[in-house]
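Asks: The structure is given below, and queries will be raised subsequently.
What follows draws every value from the coordinates through simple rules; no lab data is involved. Note that the structure is a prediction, hence the values are computed from the model and not measured. Note: ideal-geometry Cβ built from the backbone for every residue, glycine included; neighbour counts use all protein chains shown.
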């Protein structure tokens, strides 16, 4: 891969691009197709000469061209030394958040507005209650998880 850049105002850049493509067409047959397929704006900005003289590397204007080689693929990492495994039960966990009934009821309002009343009723059946007021406080965390699954923000 080669990176080419042109610097200058619009007219200079388009002129340099045309010269570059014409120069490439003299060096490589497949690049001639690229030079022939110039953008319509290039012709409007860079006027055509009556009889364009063939551009050779010695007589071509030197466009500001910067070429850089393609980046080399990253070397494969050396095999890492195996780190000692942490003890199985040593994963720290945050204590479960204590939810209030007000937080849970507030989280259900957008769900009801979104037409998910039947899903909320199904949740009440899951907990074996007629309303959220009857759900035991120790199950509020589980209820919060179920409400999140329905799309509630809590």
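Asks: When you look at residue 96, is it touching a residue at least 24 places away in the same chain (Cβ under 8 Å) and assigned to a loop (DSSP other than H, G, I, E, B), yes or no?
Replies: Details: touching a residue at least 24 places away in the same chain (Cβ under 8 Å): yes; assigned to a loop (DSSP other than H, G, I, E, B): yes.
Yes, satisfied.
Here's the yes/no breakdown for (1) in contact (Cβ under 8 Å) with a residue 60 or more places away in the chain; (2) within 25 Å of residue 95 (Cβ to Cβ); (3) more than 41 Å from the chain's Cα centre (by Cα):
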residue: 106; (1), (2), (3): no, yes, no
residue: 117; (1), (2), (3): no, no, no
residue: 122; (1), (2), (3): no, no, no
residue: 132; (1), (2), (3): no, yes, yes
residue: 140; (1), (2), (3): no, yes, no
residue: 143; (1), (2), (3): no, yes, no
residue: 150; (1), (2), (3): no, yes, no
residue: 154; (1), (2), (3): no, yes, no
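Asks: Related question: What's the number of the condition residue 118 fails, among (1) touching a helix residue (DSSP H, G or I) at 6+ places or on another chain (Cβ under 7 Å); (2) outside any loop (DSSP other than H, G, I, E, B); (3) exposed (fewer than 10 other Cβ atoms within 10 Å of the Cβ)?
Replies: Residue 118 satisfies all of (1) touching a helix residue (DSSP H, G or I) at 6+ places or on another chain (Cβ under 7 Å); (2) outside any loop (DSSP other than H, G, I, E, B); (3) exposed (fewer than 10 other Cβ atoms within 10 Å of the Cβ) except (1).
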